[in-house]
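The values are calculated or read from the model by the stated rules, or taken from the named source; none is laboratory data. Nothing here was measured: the structure is a model prediction, and the numbers come from that model. Virtual Cβ from ideal backbone geometry, glycine too; neighbours counted across all protein chains shown. Quick note on the areas: whole protein, heavy atoms, side chains included, nothing else; ligands and nucleic acids left out. Shrake-Rupley method; radii C 1.70, N 1.55, O 1.52, S 1.80 Å.
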Amino acid sequence: MTIPIGLIIQLGVSDMDQSWTDDLPPCEMCGVGTAPNCVYGPDGKGTQSHPNEDGHLRFRGEEGCFLYGVFNGYDGSRVASFASQCLTAELLLGQLNSSHTDNDVRRILTQAFDVVEKSYFETIDDALAEKAHLSNYLPHNESQKVQERLSQLEQEVSGGATAVVALILNNRVYIANVGTNRALLCKSSSDGQNQVLQIGRPHSTDNEEELQRLAALGVDSSRVRQAGQIAGQSSTRRLGDYRVKFNYTDIDLLSGAKSRPIIAEPEIQGSYSLDGVTGFLLLMSEGLISALESAHGPEQANQEVVAMVAAELAQQTSLEAVAQSVVERIKRLHHDVYVSGRQRSTYCSRHEDMTLLIRTLNYPPLDDGALTPTQGGRIYPVSVPYSNSQSTSKTSVTLSLVMPSQSTLTNGTNTASTLEEGTPTPGSQSPTATLQSTNTQTQSSSSSSGDGSLFRQRGSQAAQPDETGRVPPYVDFSQFYRLWGSDHGDGQSTHGGLGPQ
């Protein structure tokens with residue numbers, strides 16, 4: 001049974017803040033962390049420049065179906081809010097079942113995004129018509145009331161969003177992407193190799209396939225690449241944004257297009273089997289990715305965020321706390337680079353809204369009481385130090401990451417009572433993982449050649465704080481600091497396991 005989309009349209013986005021989707025069961029194997037945008041002043045203090053425009057969804061449907069999404073809104077939160085509501089209506093009301101094939105799922109996902117796009121524009125049809133009428137009227141009457149009404153209408157109809165959506169059905173995951181958000185799948189495989197897989201590529205002005213698509217429509221792709229943005233955004237696929245959908249001929253970069261160049265059609269990757277997979281799925285907004293890449297460069301951003309998540313999973317007692325701690329850590333790294341005054345500080349004067357969604361896979365509950373916070377109430381893992389070196393050499397870093405005991409592993413409605421070959425077992429030697437990066441056209445992965453899994457077991461007893469209130473670190477960065485120091489020749493040494501001081 002499907003709720004009539006016309007009813008959703010009649011309700012309006014503002015009335016949908018409390019709607020039927022509030023009655024859908026949320027997924028308990030998921031946590032979300034957020035942080036608002038921030039602009040730093042000369043004194044390093046930050047201020048929020050606009051309300052948070054990101055959105056997300058995380059629901060559990062029937063027949064082992066799960067739906068997750070992160071939406072990066074801009075020029076308002078209207079599109080992100082509408083998309084999260086409408087997309088849920090199009091996917092979790094009986095449209096999907098366990099008998100569907102991969103092709104069926106891809107078709108249903110594509111149709112759902114199409115409905116979201118069309119339905120959104122139906123909600124602003126009247127406002128667009130009034131705006132067009134008043135715009136034609138304004139040259140003949142420069143009334144202040146008309147100008148104020150035009151400004152009000154522009155706020156109502158402007159804005160758009162990018163989206164990354166994960167659908168799990170039959171214990172297989174599908175990723176649908178529109179724009180510049182990111183999905184990472186971190187897993188420990190049965191052969192002992194550890195992988196961090198970036199699923200899909202961002203639809204941005206430096207994506208060769210997207211530039212070729214635009215060129216085929218008559219757009220000068222070299223100009224687009226040089227400009228880096230189209231109508232204020234780097235994305236070449238978006239939800240909403242009437243300016244680039246209906247008025248693209250008035251935009252210089254797009255004026256030569258033979259048909260609509262900025263589209264809302266998702267690229268769908270998958271399915272990827274989750275049978276026997278231990279790890280987690282990450283959905284990240286563009287703001288989170290950009291903040292980390294601005295602070296430390298893009299080369300190892302995926303590996304850094306995965307290491308942060310793994311470390312927090314070993315320390316926190318809820319997935320919500322894990323996700324929020326990682327977001328706060330990235331926010332702190334970004335700020336620290338700005339106030340450092342070093343080379344990359346020029347890239348870190350501001351950051352946009354940040355959202356991180358974590359979905360664990362075959363992972364035991366975190367609220368087992370095995371760990372308790374220090375007296376300070378929070379554990380802050382060691383931050384990877386900032387480097388202003390121009391060196392392009394890549395240092396291979398071995399991180400010891402903690403994984404809780406895998407006595408009972410659950411993923412959705414499936415419970416695994418046995419462990420696949422190569423899966424870490426309680427009492428085994430703590431393996432380590434060497435994170436290295438390789439990229440392909442549609443996905444990038446990081447594989448380890450270590451002696452086991454990316455994760456090592458977390459002890460059954462809580463680590464006891466010392467006389468200073470600190471507990472032993474869960475992530476051993478000592479080798480990293482040694483390699484980092486020798487690679488950059490700064491002569492800094494570690495102090496108590498806390499890195500360069």
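Points worth noting:
- When residue 214 is tested against the conditions (1) surrounded by fewer than 20 Cβ atoms within 10 Å (Cβ to Cβ); (2) without any contact (Cβ under 8 Å) to a residue 60 or more places away in the chain, the lone failure is (1).
Table: residues versus (1) surrounded by fewer than 20 Cβ atoms within 10 Å (Cβ to Cβ); (2) over 30 Å from residue 310 (Cα atoms); (3) out of contact with any Phe, Trp or Tyr (no Cβ under 7 Å at 6 or more places or on another chain); (4) aliphatic (A, V, I, L, M).
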position: 225; (1), (2), (3), (4): yes, yes, yes, no
position: 228; (1), (2), (3), (4): yes, yes, yes, no
position: 238; (1), (2), (3), (4): no, yes, yes, no
position: 249; (1), (2), (3), (4): yes, yes, yes, no
position: 256; (1), (2), (3), (4): yes, yes, yes, no
position: 268; (1), (2), (3), (4): no, no, no, yes
position: 272; (1), (2), (3), (4): yes, no, yes, no
position: 287; (1), (2), (3), (4): no, no, yes, no
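- Within segment 254-266, considering residues that are in contact with a strand residue (DSSP E or B) (Cβ under 6 Å, 6 or more places away or on another chain) and not β-branched (Val, Ile, Thr), the one nearest to residue 223 (Cα to Cα): 264
- Scan of segment 125-144 for residues that are at pLDDT 80 or above, of a type in the set (A, V, I, L, M) and exposed (fewer than 15 other Cβ atoms within 10 Å of the Cβ), ordered by number: 129, 132
- Applying the set (1) open to solvent by less than 30 Å² (accessible area, probe 1.4 Å); (2) over 22 Å from residue 334 (Cβ atoms); (3) modelled with pLDDT of 95 or more to residue 58 leaves exactly one unmet item: (1).
- Selected residue (criterion: modelled with the lowest pLDDT) from residues of segment 145-170 that are open to solvent by 10 Å² or more (accessible area, probe 1.4 Å) and outside any helix (DSSP H, G or I): 158
- Selection status of residue 178, at pLDDT 95 or above, open to solvent by 20 Å² or more (accessible area, probe 1.4 Å) and of a type in the set (A, V, I, L, M): no
- Across segment 171-189, the number of residues qualifying as out of contact with any Ser or Thr (no Cβ under 6 Å at 6 or more places or on another chain) and not in a strand (DSSP E or B) comes to 2.
- If you filter segment 255-308 down to residues that are among the polar types (S, T, N, Q) and part of a helix (DSSP H, G or I), you find that the one that is farthest from the chain's Cα centre (by Cα) is 294.
- Only one of 312, 320 that is open to solvent by less than 10 Å² (accessible area, probe 1.4 Å) and either assigned to a helix (DSSP H, G or I) or touching a residue at least 12 places away in the same chain (Cβ under 8 Å) (or both): 312
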